[in-house]
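Derivation of every value follows stated rules applied to the coordinates shown; laboratory data play no part. Bear in mind the structure is a predicted one, so any value in this text is a computation, not a measurement. Every residue, glycine among them, receives a Cβ derived from its backbone with ideal geometry; neighbour counts consider all protein chains shown.
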Amino acid sequence: MPNIIVCVKHSYDVQQLRYDKTSRKFLLAEAPKKMSDMDRRAVEEALRIKEKHGGKVIALTVGNQDSIDTIRQAYAMGVDEGYAVIDKDFESYDTNNVALILAQAIRKIGNFDLVLFGSASTDGYSRQVPPKVAMYLGLPFINFVREIRLEGNYVLATSDYEDGLYTYRVKLPALIAVTLDINEPRTPTPAAILRASRKPVTQWTLKDLGVGALKKYFEVLDSYMPETPRKHVIFDASSDDKIPDAVQKLIDALRREGVI
Amino acid sequence: MSTPIFYPKDTLVSFTKDEIMFRESVREFAQKYIAPKWIEIDEEASKDPMKIPLDLIKKVADQGLLCIPCSDKYGGQGGTYTMATIAIEELAYADPAVALAVYTLLNNGWPFALQLFGKEEVAQEIIPHVSKGEAFFGIASTEPQGGSDVANIRMTAKKSGNVYVFNGEKAYISGVGEVQVLPWGGGWFLIARTGEAGHRGLSAFAFLAKKNGVIRKGWYPTVYHDIGRHGLTTGGFKCENFELEQEYLIGEENKGFYYVMEGFNLARILVAAATVGGARWLLEQAAQWFKTRKLFGRYIASFQGISFKFAELYAKYEAARYFVYRAARLADKIYIEKDPAYNPKDLNVPVALAKMYGPELAAELGQEVMKWYGAYAYTKESPIHRAWLGLFSYTIGAEGAQNIMRYIIARDLLGSEYVRD
Ligand SMILES: Cc1cc2nc3c(=O)[nH]c(=O)nc-3n(C[C@H](O)[C@H](O)[C@H](O)COP(=O)(O)OP(=O)(O)OC[C@H]3O[C@@H](n4cnc5c(N)ncnc54)[C@H](O)[C@@H]3O)c2cc1C
């Protein structure tokens, strides 16, 4: 009966993210947030493993005060316990800092067989946190996973490295990061959402975890919406006899761009 | 293809975190399972009204979208009326012909009315099946001689020993097909005459035409061919010495008129929510078209004849949305929070405003969007007429004719002595 810890990030909903047309900076203050897309798949996968093998699913986040909303969402999906490490300076931390905090929190929760992550967060998309946590915890790590199977004390995970699928077998405990392809996450019912808002979320500070001053290894200097100038190429298909030629030209142009 | 409309930041119609999470959950569900299918459902059931999308009804049930405000004691979701309203708005946005939205709204509003006024055992018996999508529970008030004049209902229910014996006819009733094909069955919050002429002689019943999979004796249904909202049947039925055990009487005998009026108030909030969801879909269809269609070398919305009308309809849409959620919040105060500062009559005007405004906006908008799209909209290729005709059912009168809403507003504001003839 595996105990699974799933790390979830309260991310900016990039689909609703807008930017200032002149400075091209993102309007973060007004952007809605939600659980990161791949992390939601990780929660779903943990719940499916639990439905098959029993055990317990624990959701863990590090973030600002509002990241508790993501734990609530995990509760609504059906996790058993929720932990949030709250720090007001979260936005300024680099991936090393976040990984170190998560590793400490996972140690403090203890007694786990599997740690699941989304391979990348919807907003930051650095893909650095899961391997760093694995390193801090000294756990075997499998990335870009689209299928997980438990067999006794082992986990079989199939990774998609785009050039091919690789299936690995490692001994538990292990750390696995999943992609969007692994499953279709459930949409919680009204009753589950209402129950979730009554469940307690254990909140820790960095001090509770014994994490002292954090050394920054790198800093994000700027983030903005790049300008993508359009080429405005027009193919003349204004009469029936011109269509075949226009289609051919369009195909050639797309090939030149490397799109097809 | 549609273009999402961005709403201004709204502090008046604002939602709790639970409600926001719930809206996202329903939207994702509805866009995934219903939006890709609604056109096919509408088309198939237009040819054969008994092509009922049973698989989707089950999915809606599994998603917990039926009986949302009903107590979990009866297998309901233990949610709020505002949550039910959100669900219906999102379902109608995904299915603007509103078959599934209306199936869902009836099976929220009327089981909840049954919970409020019916007997405990009866609620225990029926609501769990409704909430699992195994039974339908709607409203049967209208009769062939006219729906608006509820006080003149002719179907009789005569007490005889332990049963009531029903004779008469109901017409234009939603769910006549569903009750027949759903595994458990179901029926309606039905109004029939047990006493004197007028509204004081009416009683309400949990009228089960089919129960435990068995259609009961003396019930003779027919299913109509409607012009829209295909995928949810309407039909009529005759009762010829149809017997119903006395425990299915809702509340007290001859008080049915009052219960059904409260039930209508509840159901009409959701009706109006469906028209707001459908209207949002229509607005987005329009916005999408305005970004592509050019005439005389300009985008068509650069003609003020078009953009001003769009702006006016958008204003009505926001007003309708406000009416809907104001009424839903009030319903929560009265029926969920049971706040003593509010009583059921407080809902009359807010609900009538929502039910008057939403359907008329949706029908007008449907017609305008048809015109903006031009001849294409008049072909079956285009889905817009399906939304227009589906939503128009509520301007015709489903859950109460539009003039009755005007009557209620004027009556409650001016006093009935000045409004009655
Ligand atoms: C798709 C659909 C589904 C329906 N489902 C159900 C259902 O599930 N259960 C159910 O019981 N009924 C149902 N109905 C019936 C609906 O409730 C009635 O259509 C409605 O009550 C109006 O009744 P009527 O159609 O007989 O019109 P009438 O009552 O005959 O009204 C005709 C016209 O007169 C106007 N009018 C009526 N009284 C007044 C007045 N005092 N002053 C001014 N104008 C007035 C009305 O606005 C209307 O325009 C459904 C109808 C439709 C179209």
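Please sort by residue number the trypsin sites (Lys or Arg not before Pro) in the stretch B:1-97 whose DSSP state is loop and whose Cβ has at most 15 other Cβ atoms within 10 Å.
On the way: sites: B:Lys9, B:Lys17, B:Arg23, B:Arg27, B:Lys32, B:Lys37, B:Lys47, B:Lys51, B:Lys58, B:Lys59, B:Lys73; in loops: B:Lys9, B:Lys37, B:Lys51.
Listed in order of number, the matching sites are B:Lys9.
Suppose every K and R has +1 on its Cβ and every D and E has -1 on its Cβ; what is the size of the dipole of the stretch A:167-233 about the Cα centre, in Debye to the nearest 20? Let's see the in-between values first.
Values: 11 positive and 6 negative charges, 65 e Å.
Around 320 debye, computed over the stretch A:167-233.
For the peptides A:216-224, B:336-344, what is the packing order when you average, over each peptide's residues, the other Cβ atoms within 10 Å and list the highest mean first? Could you put the intermediate results ahead of the total?
Values: A:216-224: 8.7, B:336-344: 12.0.
Going by the mean number of other Cβ atoms within 10 Å, highest first, we get B:336-344, A:216-224.
Which percent, to the nearest 5, of DSSP beta bridges fully inside the protein assembly as shown are antiparallel? Don't skip to the answer; put the middle values down first.
Numbers: 52 of 84 bridges.
The antiparallel proportion sits near 60 percent.
Arranged by the count of other C-beta atoms within 10 angstrom, fewest first, what order do B:Tyr317, A:Tyr161, A:Tyr83 take? Write out the running numbers ahead of the final one.
On the way: B:Tyr317 23, A:Tyr161 9, A:Tyr83 20.
If I rank by nearby Cβ atoms, fewest first, I get A:Tyr161, A:Tyr83, B:Tyr317.
Could you work out [θ]222 nm for chain A from helices alone, using -39500 (n - 2.57) per DSSP H run of at least four and dividing by all its residues? Round to the nearest 500 deg cm²/dmol.
Working: 6 runs with 73 residues, N = 260.
-8500 deg cm²/dmol, from helical runs alone.
Would you mind telling me the antiparallel percentage of the DSSP bridges in chain A, rounded to 5? Don't jump to the answer; show the numbers that get you there.
Numbers: 18 of 43 bridges.
In chain A, approximately 40 percent of DSSP beta bridges are antiparallel ones.
Let me know the shape class of the stretch B:137-254, please: from the alpha-carbon gyration tensor, a ≥ b ≥ c as square roots of the eigenvalues, rounded when a/c is under 1.5, otherwise prolate if a/b is greater than b/c, or oblate. Kindly include the intermediate steps, with their values, before the conclusion.
Values: a/c = 2.02, a/b = 1.25, b/c = 1.61.
Because a/c hits 1.5 or more and a/b fails to exceed b/c, the stretch B:137-254 counts as oblate.
With label points built 7 Å along Cα→Cβ from the Cα atoms of A:Lys199 and A:Thr167, find their separation and express it in nm.
It works out to 3.2 nm between the two label points.
Sorting B:Leu232, B:Leu283 on the 10 Å Cβ count, fewest up front, what's the list?
Numbers: B:Leu232 29, B:Leu283 20.
By the 10 Å Cβ count, ascending: B:Leu283, B:Leu232.
With a/c under 1.5 counting as rounded, go ahead and sort the stretch A:3-209 into rounded, prolate or oblate using the C-alpha gyration tensor (a ≥ b ≥ c being the square roots of the eigenvalues; past the cut-off, prolate if a/b is larger than b/c, else oblate).
Judged from the Cα gyration tensor, the stretch A:3-209 comes out rounded (a/c under 1.5).
For the protein assembly as shown, what is the charge dipole size about the Cα centre, in debye to the nearest 20, if Lys and Arg each add +1 at the Cβ and Asp and Glu each add -1 at the Cβ?
Charge dipole, the protein assembly as shown, about its Cα centre: 480 debye, nearest 20.
Taking the beta-carbon count within 10 Å as an exposure proxy, list B:Tyr81, B:Tyr407 from fewest neighbours to most. Provide the component values of the computation, followed by the final result.
Details: B:Tyr81 25, B:Tyr407 17.
Final ranking by Cβ density, sparse to dense: B:Tyr407, B:Tyr81.
Name the residue farthest towards the positive end of the dipole of the protein assembly as shown from the options B:Pro69, A:Val85, A:Phe141, assuming +1 on Cβ of Lys and Arg, -1 on Cβ of Asp and Glu, about the Cα centre.
In the protein assembly as shown, that residue is A:Val85.
Under the Cβ-under-4.7 Å rule, which cysteines of the protein assembly as shown stay unpaired?
A:Cys7, B:Cys239
Can you give the % of DSSP beta bridges in chain B that are antiparallel, to the nearest 5?
Details: 34 of 41 bridges.
Roughly 85 percent of the DSSP beta bridges within chain B come out antiparallel.
In nm², what is the average projected area of the convex hull enclosing the Cα atoms of the protein assembly as shown? Let's see the in-between values first.
Details: hull surface 146.1 nm².
Averaged projected hull area, Cα only: 36.5 nm².
Across peptide B:58-68, how many C-beta atoms of other chains are within 10 Å of each residue C-beta, on average? Before the final figure, lay out the partial values.
Working: counts 0, 0, 0, 0, 1, 5, 7, 2, 0, 1, 3.
Mean inter-chain Cβ contacts per residue within 10 Å come to 2.
So which trypsin sites (Lys or Arg not before Pro) in the stretch B:135-193 pass both tests, a DSSP loop state and at most 14 other Cβ atoms within 10 Å of the Cβ?
Values: sites: B:Arg154, B:Lys158, B:Lys159, B:Lys170, B:Arg193; in loops: B:Arg154.
In loop regions of the stretch B:135-193 (DSSP not H, G, I, E or B), the sparsely surrounded trypsin sites (Lys or Arg not before Pro) are B:Arg154.
For chain B, what does the helix formula give at 222 nm: sum of -39500 (n - 2.57) over DSSP H segments with n ≥ 4, over the residue count, nearest 500 deg cm²/dmol?
Numbers: 13 runs with 206 residues, N = 421.
For chain B, the value works out to -16000 deg cm²/dmol.
In Å, what is the Rg of the alpha-carbon atoms in the stretch B:257-419, and how long is Dmax?
Over the stretch B:257-419's Cα set, Rg and Dmax evaluate to 18.2, 62 Å.
For the stretch B:38-132, how big is Rg over Rh, using alpha carbon atoms and the Kirkwood form of Rh?
Working: Rg = 13.7 Å, Rh = 13.6 Å.
Radius of gyration relative to Kirkwood radius: 1.01.
Could you let me know the centre-to-centre spacing of the stretch A:213-260 and the stretch B:215-262, using Cα atoms, in angstrom?
60 Å
Test of the criteria: in the stretch B:172-245, which GluC sites (Glu not before Pro) are in a DSSP loop and have at most 16 other Cβ atoms within 10 angstrom of their Cβ? Write down the numbers at each step before the final one.
Details: sites: B:Glu178, B:Glu196, B:Glu240, B:Glu243, B:Glu245; in loops: B:Glu196.
Within the stretch B:172-245, the qualifying GluC sites (Glu not before Pro) (loop, at most 16 other Cβ atoms within 10 Å) are B:Glu196.
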